[in-house]
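The values are calculated or read from the model by the stated rules, or taken from the named source; none is laboratory data. Fair warning: this is a prediction, and the values are worked out from it, not measured in the lab. Here the Cβ positions follow ideal geometry from the backbone for every residue, glycine too, while neighbour counts run over all protein chains shown.
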2 protein chains.
Amino acid sequence: MHVISEQRLEDGVLEREFTLGEIPGILWTPASASVSAPVPLVLLGHPPMGLRLVYPRLVARARHCAAEGFATATVELPGSGERPRWPAAEQARADLRRALEAGGPVGGEIVDALMLPLVDKAVPEWQAALDALLALPEVGGPVGYSGGVISIGVRLAVVEPRISAAVLFAGSFVPRAMFEEAGRVTIPLHVLLQWDDEGNDRRAALDLFDAFGSKEKTLQANMGGHTGVPQFAGDAAAQFFTRHLSR
Amino acid sequence: MHVISEQRLEDGVLEREFTLGEIPGILWTPASASVSAPVPLVLLGHPPMGLRLVYPRLVARARHCAAEGFATATVELPGSGERPRWPAAEQARADLRRALEAGGPVGGEIVDALMLPLVDKAVPEWQAALDALLALPEVGGPVGYSGGVISIGVRLAVVEPRISAAVLFAGSFVPRAMFEEAGRVTIPLHVLLQWDDEGNDRRAALDLFDAFGSKEKTLQANMGGHTGVPQFAGDAAAQFFTRHLSR
């Protein structure tokens with residue numbers, strides 16, 4: 001992990017841009033974080049639009065988490081931002097765009113082609129990032145995962161035992177295979193659903209929530225479209241992490 | 001309104017049993033409530049099982065609300081507790097019991113016979129209680145409604161302009177006609193759904209949530225059966241009232 005720039009935000013949060021091999025990432029730590037008082041960590045997921053585009057929303061979530069005493073970090077997704085595209089993903093995105101423009105339902109094979117390779121590539125990268133982040137003396141556990149592509153969150157919750165709670169955002173296409181994986185998730189979940197999300201099949205989101213194996217899972221549905229998550233829903237998600245990650 | 005007994009609970013909450021004509025009720029006010037500092041009021045709905053039976057859950061909700069600075073009050077439902085039964089309601093309850101024991105679906109005519117007269121009778125009584133409660137110098141507005149028979153909450157939200165926010169509990173049979181009324185609700189809503197509620201049709205609960213006309217409405221679904229609402233869901237409901245009722 002190689003820090004390439006750092007700045008102190010006005011609320012005392014330290015923002016560090018880093019690279020992990022070829023992968024760009026950002027780490028935010030609250031002013032309170034220190035070697036003698038390491039803080040819990042929340043991995044901030046995001047849609048595959050490139051870190052630069054999603055930065056404003058990420059930094060808002062990072063500051064919210066910092067106010068609760070948590071470090072946060074994120075890495076660029078494979079095929080997004082400055083990272084190299086791969087042809088199959090470009091093809092799948094084009095197919096998706098065409099299906100959406102045609103107004104028809106998006107076929108399972110398009111969703112699979114779009115999501116499954118992304119999940120397969122991204123998850124080991126987030127795990128490698130976790131290795132590097134937890135090696136920092138001011139960052140400790142427990143670790144949470146929040147938001148972004150829900151299939152990545154599901155896979156991480158299944159395969160990464162260091163993640164002990166997750167806030168998932170029901171807002172993207174979910175391959176059928178992920179419903180089976182969802183049954184193997186056992187950590188506490190807080191699932192956000194935007195009731196009028198244009199890009200989201202509400203019924204599928206409810207079915208996925210039903211499929212999660214976790215004994216503690218909460219669905220919080222709010223009015224509005226994909227990016228209209230109300231402030232109080234962010235507060236509720238932060239409280240979920242405070243319940244599960246505070247030591 | 002005639003106070004028949006009062007006691008101070010250990011956290012300073014003043015509990016007063018009263019009658020309003022023939023109707024028994026209970027009022028809880030936080031220690032902070034005074035003539036010079038009147039507090040907002042939350043009406044506590046409850047299932048038609050009689051106040052004596054639901055008292056333990058009611059007093060817990062009352063203390064939770066008092067800790068947020070709110071008075072709470074409840075009145076006995078018509079046909080419950082010590083109040084006189086009426087034959088049509090007894091018949092409807094017997095029909096419901098028979099339908100549930102037979103394991104079949106509960107017909108719309110049974111739900112209508114059970115719920116519509118209850119709503120028609122109860123709502124004016126809660127409004128009369130509200131008149132009496134708001135006449136007390138230590139009780140002010142705004143007013144919220146919380147829980148209980150969801151159809152009563154829906155009707156109150158439509159017809160009673162003094163109620164400015166409601167926490168509804170999706171856990172009872174809902175007459176078809178209430179879906180139309182739900183569309184006329186415009187106040188902020190926080191709807192609790194127990195995902196595995198034996199006595200509740202989850203699909204109908206989601207449809208009812210969808211039908212509400214309110215611009216701000218949140219569905220919070222948690223695992224567990226009818227009476228298994230987790231502590232943190234109570235906290236979230238209290239925060240909803242704090243957002244909407246605090247002055």
Point to revise | In region B:200-240, residue surrounded by the most Cβ atoms within 10 Å (Cβ to Cβ) [restricted to those that are more than 21 Å from B:Ser151 (Cβ to Cβ) and more than 8 Å from chain A (Cβ to nearest Cβ)] | key: B:Ala238
Exercise for review: Looking at (1) at pLDDT below 90; (2) within 21 Å of B:Phe169 (Cα to Cα); (3) loosely packed, with under 15 Cβ neighbours inside 10 Å, find the lone condition where B:Arg93 falls short.
Suggested key: (3)
Check your understanding: So A:Gly147 fits all but one of (1) without any contact (Cβ under 8 Å) to a residue 40 or more places away in the chain; (2) on the phi > 0 side of the Ramachandran plot; what number is the exception?
Key -> (1)
Point to revise | B:Val149 vs. criteria of a type in the set (A, V, I, L, M), within 14 Å of the chain's Cα centre (by Cα) and within 12 Å of another protein chain (Cβ to nearest Cβ) | key: no
Check your understanding: Taking the stated definitions as given, is B:Gly107 in contact with a Ser or Thr (Cβ under 8 Å, 6 or more places away or on another chain) and either among the aromatic types (Phe, Trp, Tyr) or over 19 Å from B:Leu133 (Cα atoms) (or both)?
Key -> no
Review point. Which number in (1) crowded, with 18+ Cβ neighbours inside 10 Å; (2) farther than 30 Å from B:Glu101 by Cβ; (3) more than 14 Å from chain A (Cβ to nearest Cβ); (4) small (Gly, Ala, Ser) marks the one condition that B:Gly141 misses?
Key: (1)
Check your understanding: Can you spot a residue in region B:170-179 that is crowded, with 20+ Cβ neighbours inside 10 Å, under 24 Å from A:Phe232 (Cα atoms) and not hydroxyl-bearing (Ser, Thr, Tyr)?
Key -> yes
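Which residue, of B:Val174, B:Val229, is more than 25 Å from B:Val123 (Cα to Cα) and among the hydrophobic types (A, V, I, L, M, F, W, C)?
Details: B:Val174 fails: more than 25 Å from B:Val123 (Cα to Cα).
None of the others qualify; the one that does is B:Val229.
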Practice item. Would you point out the residue of region A:1-47, among those that are at pLDDT below 95 and of a type in the set (S, T, N, Q), that is farthest from A:Leu136 (Cα to Cα)? Key: A:Ser32
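Within region B:15-66, track down each residue that is of a type in the set (Phe, Trp, Tyr) and in contact with a Pro (Cβ under 9 Å, 6 or more places away or on another chain). Full working, then the answer.
Pass one, region B:15-66, residues of a type in the set (Phe, Trp, Tyr): B:18, B:28, B:55.
Residue satisfying the conditions is B:Phe18 alone.
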Review point. Quick one: how many residues across region A:33-56 are in a loop (DSSP other than H, G, I, E, B) and over 16 Å from the mean Cα position of the chain (by Cα)?
Key: 6
Check your understanding: Do you know which residues across region A:180-199 are more than 19 Å from the chain's Cα centre (by Cα), within 13 Å of chain B (Cβ to nearest Cβ) and surrounded by fewer than 16 Cβ atoms within 10 Å (Cβ to Cβ)?
Key -> A:Asp196
Review point. Which of the residues spanning region B:97-117 are assigned to a helix (DSSP H, G or I) and either surrounded by 14 or more Cβ atoms within 10 Å (Cβ to Cβ) or touching a strand residue (DSSP E or B) at 6+ places or on another chain (Cβ under 6 Å) (or both)?
Key: B:Ala99, B:Leu100, B:Ile110, B:Val111, B:Asp112, B:Ala113, B:Leu114, B:Met115, B:Leu116, B:Pro117
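Kindly check whether there is at least one residue in region B:72-80 that is touching a Leu at 6+ places or on another chain (Cβ under 6 Å), closer than 26 Å to B:Ala170 by Cβ, of a type in the set (Val, Ile, Thr) and touching a residue at least 24 places away in the same chain (Cβ under 8 Å).
Scanning region B:72-80 turns up at least one residue that is touching a Leu at 6+ places or on another chain (Cβ under 6 Å), closer than 26 Å to B:Ala170 by Cβ, of a type in the set (Val, Ile, Thr) and touching a residue at least 24 places away in the same chain (Cβ under 8 Å).
Residues are listed down the side, and each one gets a yes or a no for (1) touching a residue at least 40 places away in the same chain (Cβ under 8 Å); (2) of a type in the set (S, T, N, Q):
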residue: B:Asp210; (1), (2): no, no
residue: B:Ser214; (1), (2): no, yes
residue: B:Thr218; (1), (2): no, yes
residue: B:Asn222; (1), (2): no, yes
residue: B:Gly225; (1), (2): no, no
residue: B:Ala233; (1), (2): yes, no
residue: B:Ala236; (1), (2): yes, no
residue: B:Phe240; (1), (2): yes, no
residue: B:Arg247; (1), (2): yes, no
Exercise for review: Check region B:134-144 and report whether any residue there is touching a Phe, Trp or Tyr at 6+ places or on another chain (Cβ under 9 Å), in contact (Cβ under 8 Å) with a residue 12 or more places away in the chain, among the small types (Gly, Ala, Ser) and not in a loop (DSSP other than H, G, I, E, B).
Suggested key: yes
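Considering only residues that are part of a strand (DSSP E or B) and touching a Gly at 6+ places or on another chain (Cβ under 6 Å), which ones fall in region B:10-32? It would help to see each step written out before you state the result.
Going through region B:10-32, the residues part of a strand (DSSP E or B) turn out to be B:14-20, B:23-29.
Answer for region B:10-32, where residues must be part of a strand (DSSP E or B) and touching a Gly at 6+ places or on another chain (Cβ under 6 Å): just B:Phe18.
Mind counting the residues in region A:57-96 that are assigned to a helix (DSSP H, G or I) and among the small types (Gly, Ala, Ser)?
At the first step, the residues of region A:57-96 found to be assigned to a helix (DSSP H, G or I) are A:57-67, A:87-96.
Going one step further and asking which of them are among the small types (Gly, Ala, Ser), we end up with A:60, A:62, A:66-67, A:88-89, A:92, A:94.
Of the residues in that region, 8 qualify.
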Revision key, fill the gap. Of B:Asp207, B:Asp196, B:Asp120, B:Asp131, the only residue that is modelled with pLDDT under 95 and in a helix (DSSP H, G or I) is B:Asp207
